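Have a look at the structure below before the remarks.
The values are calculated or read from the model by the stated rules, or taken from the named source; none is laboratory data. What you see is a predicted model; the values in this text were computed from it and never measured. Quick reminder, even Gly has a Cβ in these numbers, built from the backbone with ideal geometry, and neighbours come from all protein chains shown. The accessibility values were calculated without ligands, DNA or RNA, using every heavy atom of the protein model including side chains. Shrake-Rupley method; radii C 1.70, N 1.55, O 1.52, S 1.80 Å.
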Amino acid sequence: MQVTLLLLQHLFPEWSITLDREGIWRATGRVLISASDVDGLMDLLHTADPEAFERAFLQLEERK
């Protein structure tokens with residue numbers, strides 16, 4: 001989970017992304033997002049900030 005957290009923090013620098021002790025993922029940016037799993041967090045990030053999501057996707061594509 002720590003690696004996933006670090007990757008998300010790198011890919012979404014304009015968001016403050018955390019994982020609490022209970023396993024809840026949170027992202028704070030223009031809005032506060034929380035989800036019980038990383039998939040849910042990604043869905044909500046895509047909805048809240050599609051441009052940031054696209055930039056993150058392109059960063060990952062460049063590394064192939």
### Query
Is there a residue in segment 44-59 that is surrounded by 13 or more Cβ atoms within 10 Å (Cβ to Cβ), small (G, A, S), outside any helix (DSSP H, G or I) and touching a helix residue (DSSP H, G or I) at 6+ places or on another chain (Cβ under 7 Å)?
no
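Does any residue of segment 8-15 turn out to be open to solvent by 80 Å² or more (accessible area, probe 1.4 Å), out of contact with any helix residue (DSSP H, G or I) (no Cβ under 8 Å at 6 or more places or on another chain), part of a loop (DSSP other than H, G, I, E, B) and free of Cβ contacts under 8 Å to residues at least 12 places away in the same chain? Before the answer, list the steps.
Step one: list which residues in segment 8-15 are open to solvent by 80 Å² or more (accessible area, probe 1.4 Å), which gives 10, 13-14.
This time we only want the ones that are out of contact with any helix residue (DSSP H, G or I) (no Cβ under 8 Å at 6 or more places or on another chain), so: 10, 13.
From the residues that got through so far, the ones that are part of a loop (DSSP other than H, G, I, E, B) too are 13.
With free of Cβ contacts under 8 Å to residues at least 12 places away in the same chain added as a condition, the list becomes 13.
Among the residues of segment 8-15, at least one is open to solvent by 80 Å² or more (accessible area, probe 1.4 Å), out of contact with any helix residue (DSSP H, G or I) (no Cβ under 8 Å at 6 or more places or on another chain), part of a loop (DSSP other than H, G, I, E, B) and free of Cβ contacts under 8 Å to residues at least 12 places away in the same chain, which makes the answer yes.
Looking only at residues in segment 27-43 that are over 22 Å from Q59 (Cα atoms) and not small (G, A, S), which one is surrounded by the most Cβ atoms within 10 Å (Cβ to Cβ)? Give the derivation first.
So the first thing to find is which residues in segment 27-43 are over 22 Å from Q59 (Cα atoms), and the list is 31-37.
Of the ones still in play, those that are also not small (G, A, S) are 31-33, 37.
Values: V31: 11, L32: 10, I33: 20, D37: 11.
Filtering first and then ranking leaves I33.
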### Summary
The lone condition R21 fails out of (1) assigned to a helix (DSSP H, G or I); (2) open to solvent by 80 Å² or more (accessible area, probe 1.4 Å); (3) not β-branched (V, I, T) is (1)
### Query
Can you spot a residue in segment 11-24 that is among the aromatic types (F, W, Y), at pLDDT 95 or above and within 13 Å of F53 (Cβ to Cβ)?
yes
### Query
Is there any pair with a first residue in segment 42-64 that is under 15 Å from A27 (Cβ atoms) and a second that is open to solvent by 60 Å² or more (accessible area, probe 1.4 Å) and part of a helix (DSSP H, G or I) whose Cβ atoms are under 7 Å apart and which are 6 or more apart or on different chains, and what are they?
F53/H46
